[in-house]
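Written out below as structure tokens is the structure these notes cover.
The values are calculated or read from the model by the stated rules, or taken from the named source; none is laboratory data. The model shown is predicted, which means the values in this text are computed figures rather than measured ones. All Cβ positions, even for glycine, are placed from backbone atoms using ideal geometry, and neighbour counts span all protein chains on display. Heavy atoms of the whole protein, side chains included, go into the accessibility calculation; ligands, DNA and RNA do not. Shrake-Rupley method; radii C 1.70, N 1.55, O 1.52, S 1.80 Å.
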2 protein chains.
Amino acid sequence: MAEKPPATAEAECCPSVLAAPLSDTDAQQLAKGFAALGDPVRIRLLSLIAASGEICSCDLEQPLGKAQPTISHHTKTLADAGLITREKRGRWVWWQVRPERLDALRSALDGT
Amino acid sequence: MAEKPPATAEAECCPSVLAAPLSDTDAQQLAKGFAALGDPVRIRLLSLIAASGEICSCDLEQPLGKAQPTISHHTKTLADAGLITREKRGRWVWWQVRPERLDALRSALDGT
């Protein structure tokens, strides 16, 4: 399941973690999303992207205090987990959050 | 901040990830919680504990298909992140979820 594209994965995703014992498939999808959020730099990165609506990679270096290769590594992890999307414009990439994917992770924590 | 006990950490935790650029401290606290959820075995473990209200470690082996040392490793990670609590009864440990901590992580994903 980990190789499925995000759109397909999302369609199957995400029952509440707390509703019942989860299938392996659902657990894998959820874990991939949560793992992407499991790093303070990526949390701050997501926060910056969300607060900006959309943001150029070139505007992430200063607030994060990280160089482009580090930023690229973390944006790739977030994008692979389906949490952000990219759009190339000239030499830079612009990022936006995918609220539906964050919604799915939030819903998985419902029911407490 | 990572060394603070969960109770203190929670009191300071968790503004929405999406509301504004986050402080390093908030990002660290959130990342620790999400990282604990970033593994399919731990997601299934949490699901089993939540579905049972409370559950003995001895009843986790069969549904997870894992041996006690593996289960202990994962319950420790969840407990260290403040997501579950333990109570020792005789030779076994019983586990419960901490809904307030899961609520805090869910709230951090609000605002999408």
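Amide hydrogen proximity for B:Val93: with H placed 1.01 Å from N in the peptide plane, the residues at 5 or more positions away or on another chain lying under 5 Å are B:Ser57, B:Cys58. Across the copies of the chain, B:Lys76 has label points (7 Å from Cα along Cα→Cβ) spaced 3.2 nm apart, shortest distance listed first. Counting only protein heavy atoms and using a 1.4 Å probe, the accessible area of B:His73 comes to about 110 Å². Under the simplified labelling scheme, the B:Thr70-A:Glu54 pair shows an inter-label distance of 4.5 nm, with each label point 7 Å from Cα along Cα→Cβ. Label-point spacing at A:Glu100 relative to the other copies reads 3.7 nm, in ascending order, each point sitting 7 Å out from Cα along Cα→Cβ.
For B:Glu61 and A:Thr85, FRET efficiency with R0 = 35 Å and r from the beta-carbon atoms, rounded to 0.05?
Between A:Thr85 and B:Glu61 the formula returns 0.30.
Loop-located trypsin sites (Lys or Arg not before Pro) in the range B:74-112 (DSSP state other than H, G, I, E, B) with a sparse environment of at most 14 neighbouring Cβ atoms within 10 Å: B:Arg91. Note on B:Phe34: accessible area approximately 0 square angstrom, rounded to 10, probe 1.4 Å, nucleic acids and ligands left out.
By the scheme Lys and Arg +1, Asp and Glu -1, what is the net charge of all other residues having a beta-carbon under 10 Å from that of B:Thr85?
+1
For the chain pair A and B, the interface hides roughly 2700 square angstrom of accessible area in total, found with a 1.4 Å probe. Placing a label point 7 Å from Cα along the Cα-to-Cβ axis, B:Asp59 is separated from the same position in the other copies by 5.3 nm, shortest listed first.
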